[in-house]
Amino acid sequence: MKLKICGMKYPENIVEVSKQHPDYLGFIFYEKSTRYFNGEIPELPKSIKKVGVFVDAPWEEIISKIDQYDLDIVQLHGNETPEFCKLLQQTPIEIIKVFSVNDDFNFEVLAPYEAVCDYFLFDTKGKLPGGNGIPFNWKILKKYNSAKPFFLSGGIGIEEIDKIKKMNLPVHGIDVNSKFETGPGLKNASAIRELFLHKNNIMRTTYNVNEKGFYGNFGGAFIPEMLYPNVEELRQNYLQITAEPSFQQEFSNLLKDYVGRPTPLYFAERLSKEYNTKIYLKREDLCHTGAHKVNNTIGQILLAKRLGKTRIIAETGAGQHGVATATVCALMGLECIVYMGEIDIRRQAPNVARMKMLGAEVRPATSGSKTLKDATNEAIRDWINNPENTYYIIGSVVGPHPYPDMVARFQSVISAEIKSQLLEKEGRENPDYVIACVGGGSNAAGAFYHFLDDDQVNLIAVEAAGKGIHSGESAATSALGKIGIIHGSKTLLMQTDDGQITEPYSISAGLDYPGVGPMHAHLYETKRAEFLSITDDEAMHWGLKLSQLEGIIPAIETAHAFAVLDNKKFEPTDIVVINLSGRGDKDLNTYIDYFKF
């Protein structure tokens, strides 16, 4: 949960409060307020976002203040219309729309603002704009039915923190002001420090799975009764088995001697020069089999053997997980069946040949869109019919608990290596940004894992917009999805109004999944990660650009992540790590058809 300290006024006090690293500092540009700000904002840590608070101010005044103070967020505390907010959306700035609440508040008034602001803020209704140091009846927020994150304000002191926690509401952040002042605009620094300690102790947001298999509101195991024994056997044993010293030793040895870990953290000099920032590439494309997928299949095949399973099934889209599964089955001498959508079989022919050469049987999925979703359906049916001897190696952080957690743990080696390699190269463990593409999201989960609880590291997840987010041919789950259940997990899911799954589309076979893993749904809902959507054309452009700029041909899935460089501005001192999750050999036919080589 974020902390916003509003009504800052005096430069020395601003510097003192900023040492506690709040998430937001608010500056009131409303002349009737006793906390009216009309000075110079001292230099603040980059992690602190500057919020400008306005009350029915003219457009020109707001734009002027944004430019003068380099504001990150505008907070609208008056009667600003949705049309006014939409006009502000033309600026590269976030918008908080404030609503004053009493017991008769009608939440339907929020609907016109849903698409034109980034956050709501709920404060106590009084005679004047702004807080009056009194909490409103927070129970009314139980009627809140929007997915829009919101701030809670109105007389919040340390004693109110416990109450907010117990309400279990989707509060993005708390906004504090008068209860931490010795005078209007003069904050009590020692009280602020105490607030931080108390908040961090009892309200720490966790981004890892809980004991019930949920990441916040997402996850769980929503499965048919016939599948319950299979999943329950895995749930009861995976943590104990994977913690055994013999498992850890064998897993570590295979990652080192068979997979080829650690993979390099490569400083992309030409790319860094062009974008005037420090760009490192985590070279998962150099893993054996050509992608990060093998980290997970090594772990799961060892688990399957310890559970006494002799037959392995898997699903695959781009083919990299299928190849990685076929590879470890050949290594361990186990039967391997890989389900793959009929369309993906055609467009990923090289990987199909590799799977067959490794001894796997590739079974086509001919229903639905004939892609990854349908391959997963077929694999689940197989597992239901063959529970005794069969183990299902899921390739991403999707499916029923414990799969999302288990896959993330096996892939977490990626972020563990990033930390140690950055320490060696830059003298610090943490980058400023970690960027990864997301379909189901296993490579992103691995790249993010050891940075999840450190808000100083910005996480960027990149989805496939296909031919455009609203083109009808897209796989941008964060932009188009609603809460639903797919393959045994509650998550964000592309679906029609009556709950039917929408067929996804992407030129990349590994990103055309209609949902996203529950960890990523949680990261999106809490705004811990920023989600961006990249079109086919942008990704293909970057596949060619990276090839010619750094001599690395990326998988088309991975190429989506690089397109962030054209969509986001980085500082020269920033350290940006892009997870290069797979190599482009498998996609050469798609590249050839697209560029007419």
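Some points to look at:
- Note on the range 440-491: residues that are open to solvent by 20 Å² or more (accessible area, probe 1.4 Å), of a type in the set (Ser, Thr, Tyr) and not in a loop (DSSP other than H, G, I, E, B) amount to 1.
- Restricted to the range 534-558, and to residues there that are outside any helix (DSSP H, G or I) and at negative phi, the residue that is most open to solvent (accessible area, probe 1.4 Å) is Ile553.
- Screening Gly7 with (1) surrounded by 19 or more Cβ atoms within 10 Å (Cβ to Cβ); (2) at pLDDT 95 or above; (3) in a loop (DSSP other than H, G, I, E, B) gives one miss only, at (2).
- Against the list (1) in contact with a helix residue (DSSP H, G or I) (Cβ under 6 Å, 6 or more places away or on another chain); (2) open to solvent by 30 Å² or more (accessible area, probe 1.4 Å); (3) at pLDDT 90 or above; (4) of a type in the set (Val, Ile, Thr), the condition Ile158 fails is (3).
- Residue in the range 68-82 that is nearest to Tyr24 (Cα to Cα), counting only those that are over 30 Å from the mean Cα position of the chain (by Cα) and open to solvent by 70 Å² or more (accessible area, probe 1.4 Å): Gln68
- Against the list (1) modelled with pLDDT of 95 or more; (2) surrounded by fewer than 17 Cβ atoms within 10 Å (Cβ to Cβ); (3) within 24 Å of the chain's Cα centre (by Cα), the condition Glu211 fails is (1).
Yes or no, residue by residue, for (1) in contact with a helix residue (DSSP H, G or I) (Cβ under 8 Å, 6 or more places away or on another chain); (2) in a strand (DSSP E or B); (3) open to solvent by 10 Å² or more (accessible area, probe 1.4 Å):
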{"site": "Asp497", "(1), (2), (3)": "no, no, yes"}
{"site": "Tyr524", "(1), (2), (3)": "yes, no, yes"}
{"site": "Leu532", "(1), (2), (3)": "yes, yes, yes"}
{"site": "His560", "(1), (2), (3)": "yes, no, no"}
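- First in the range 255-271 and on the phi > 0 side of the Ramachandran plot and free of Cβ contacts under 8 Å to residues at least 40 places away in the same chain, second anywhere and open to solvent by 70 Å² or more (accessible area, probe 1.4 Å) and not aromatic (Phe, Trp, Tyr), Cβ under 8 Å, 6 or more apart: Gly260/Leu286; Gly260/His288
- In the set (1) on the phi < 0 side of the Ramachandran plot; (2) in a loop (DSSP other than H, G, I, E, B), Ile435 fails one condition alone, (2).
- Condition check for Asp405 on (1) touching an Asp or Glu at 6+ places or on another chain (Cβ under 6 Å); (2) open to solvent by less than 10 Å² (accessible area, probe 1.4 Å); (3) over 27 Å from Ala539 (Cα atoms): one failure, at (1).
- Exactly one residue among Glu94, Glu60, Glu108 is among the charged types (D, E, K, R) and farther than 19 Å from Phe150 by Cβ, and that residue is Glu60.
- All positions within the range 280-313 that are open to solvent by 30 Å² or more (accessible area, probe 1.4 Å), out of contact with any Gly (no Cβ under 9 Å at 6 or more places or on another chain) and within 27 Å of Ile575 (Cα to Cα): Arg283
- Candidates Ala365, Ala416: the one that is touching a residue at least 12 places away in the same chain (Cβ under 8 Å) and either open to solvent by less than 10 Å² (accessible area, probe 1.4 Å) or of a type in the set (Phe, Trp, Tyr) (or both) is Ala365.
- Top-ranked residue of the range 343-365 - restricted to ones that are touching a helix residue (DSSP H, G or I) at 6+ places or on another chain (Cβ under 8 Å) and not in a helix (DSSP H, G or I), ranked as modelled with the lowest pLDDT: Gln348
The values are calculated or read from the model by the stated rules, or taken from the named source; none is laboratory data. Everything numeric here is computed off the predicted structure, so don't read it as measured data. Neighbour counts are summed over all protein chains in view; Cβ atoms, including those assigned to glycine, are modelled from backbone coordinates with ideal geometry. Heads up: the accessible areas ignore ligands, DNA and RNA and are worked out on the full protein's heavy atoms, side chains in. Shrake-Rupley method; radii C 1.70, N 1.55, O 1.52, S 1.80 Å.
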